[in-house]
Structure formats: structure tokens, C-alpha cells
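Here is the structure we will look at.
The values are calculated or read from the model by the stated rules, or taken from the named source; none is laboratory data. Note that the coordinates shown come from a computational prediction; the quantities given were computed from them, not determined experimentally. Cβ sites come from the backbone with ideal geometry, for glycine too, and all protein chains shown count toward neighbours. With ligands, DNA and RNA removed, areas are computed over all heavy atoms of the protein, side chains included. Shrake-Rupley method; radii C 1.70, N 1.55, O 1.52, S 1.80 Å.
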Amino acid sequence: MESVTFIASKALWMVLAPNTAALLLALLGLALVWRGRRFGRWPLLLGLGWYALVFATPIAAWLTVPLETRFSRPATLPGPVTGIVVLGGAVDQEMTQHHGIPALNGAAERMTEAVALARRHPGARLLFTGGSAAIIAGGPTEADTARMLFTDLGVPADRLVFESESRNTHENAVLSFRVAQPKPGETWLLVTSASHMPRSMGVFRQAGWTITPWPVNYTTMGGYGLDYFGPFPTRLNQAEWALREYVGLVAYRLMGRTNALFPAP
């Protein structure tokens, strides 16, 4: 059942992702208008309207700010850090496999901050959780790349723990809990992108973790000003990622994978 849900979610998002869906709507509308079908104007306008909205307004930032500001790093930690959990999602697996060196994507701060935290807390374990998010898995997992990167950056092997079977955030939480077996009173930090932190915290809490958020990879300044007009492709990706998180929050809540619709500190 887990595999069916995973494949279905990946396949649906490939079509329903806002940027893709808008393009398909616009092309459909254009084809209908070309054939003389007047109602083709509506899908054409809807598709182009999405791109116009992102181009002309700060909608991408408005969608992202509530996610990125939901959790913040604590000013003081509740105790000595026992472990640091790093979520996968920062590795470009195909590039890593092709070139033979760790290749990271726009979420690279998950990995760099993890190493910084490991140096700052020399007694903590560093647990990376991530297998392959591809529908057809093959080649090295994210955990394989993380092992290569963390070792090359000087983190001692006896402090590293890897979970290499998870394919999504729910599995990250459940499988890493089994690996780490955290005990009451321990302090564990959760490192992931700030916009992904609300869903991650809800899922980890539901899986039994008592964990402290450590968000990274911010894409906004945290306010609702009108100064968010970066490159158009960047804003398209930002808006789509934010909507993906909202869809994920609703879906995970309906499936009972998170403890709240919009988890809070």
C-alpha cells in the first residue's frame, strides 16, 4: 500500500504541479481556439493567468512566508545535543552518479549546516535519512552521497548514522526513529528547508519524535512587503514548491501521517 501511495503521489504531481498544469491548460485552450471552439478561451486564460499572477505579483513570497516563519531556531537548546537528523532532498543523484562526486541542489544548506552543527556539537550523532525519491530506483541513494560528502568534510565515521530506505518525509520520520531509537530527555535537532519544516515537524511528532526544529534554506526575508520580484523562473519554482507543501500538509493530515493540519511550535 505504501508503494502504491508513493507512486500515485509522484505520478499525479507530475501532471498537477501548478507550472505544468498551467502550461497544459494553455496549450489545450490554444488548440481549441485554433479549431474555432470559443470555450477554449477559458483554459487558455486560466493557464496564462497563473504565469501572469506569478510574474506581476509577489504571490510566490506570500505563499512561502507562512511556511518559512512557522518554526524558528530556538535561542537556547533544552540540553546537550544528542543527535542531528538531516532530511534528504538536497542531493542530485543523477549528477552524483554521472560525475562521481557529491552533487547538491538548491537545498544544499541542509548538508552544509549539518556539518557545521556536527562541529559545533562534537558529542552529537549525525543521522542522514534519505533513499531514492525516483519512481524507478537505481544507482546510489541519497544516503550513499551523504556518506561520501560528510566523510570528505571530516565528520568522523563513528558519529555518522544513515537510513537509506525512505522515499518521502513520512518514511524519513518513521524509519529514522527506528534507527535512532531516541530516548526521553535526549535533544535531537531536525535540519530541513524552512518551508518544509511545518510538515516535517508534524510527521516527526506523529512518528514519536520529540525533536527541535533547525530550519535552513530560506527563500524569503520573512515579511509581506512588495519587494519580492526576483527572476521569474525562480519565483515560478518558489510558488510551486510552496503549493506542494500545502497540498502535502492536507494529504498527510487526511492520511493520519501528521498530528495537525498546520503544525505549530
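Structure notes:
- Of the accessible area of the chain, computed with a 1.4 Å probe over protein heavy atoms only, carbon and sulfur atoms account for 65 percent.
- Measuring r between the beta carbons of LEU153 and SER72 and using R0 = 25 Å, the FRET efficiency lands at 0.45.
- Backbone amide hydrogens, once placed in the peptide plane, bring ILE84 within less than 5 Å of ARG125, LEU126, LEU127, LEU189, excluding anything fewer than 5 places away on its chain.
- The chain, dipole about Cα centre (Lys/Arg Cβ +1, Asp/Glu Cβ -1), debye to the nearest 20: 760
- For VAL216, the residues 5 or more places off, or on other chains, whose built amide H falls under 5 Å of its own are THR192, SER193, ALA194.
- In units of the rule-of-thumb radius 2.2 N^0.38 Å, the chain shows an alpha carbon radius of gyration of 1.10.
- Heavy atoms of the protein chains alone define the surface here; on that basis the chain has 51 Å² accessible area per residue at 1.4 Å probe size.
- Efficiency of FRET between THR112 and ALA52 - r from beta-carbon atoms, R0 45 angstrom, step 0.05: 0.80
- Extension gain for ALA31-ARG178 works out to 47.7 nm (0.36 nm per residue, less the C-alpha to C-alpha distance).
- Normalising by residue count, the stretch 18-136 has a Cα convex hull of 183 Å³ per residue.
- Calculated FRET efficiency, ALA21 to MET255, Cβ-Cβ distance, R0 = 22 Å: about 0.45 to the nearest 0.05.
- Available extension along the chain between HIS98 and TYR218 is 40.3 nm, counting 0.36 nm per residue and deducting the alpha carbon span.
- Integer Hz, Karplus 6.51/-1.76/1.60 couplings in order for the stretch 191-200, x for Gly and Pro: 9, 7, 4, 4, 6, 8, 5, x, 5, 4
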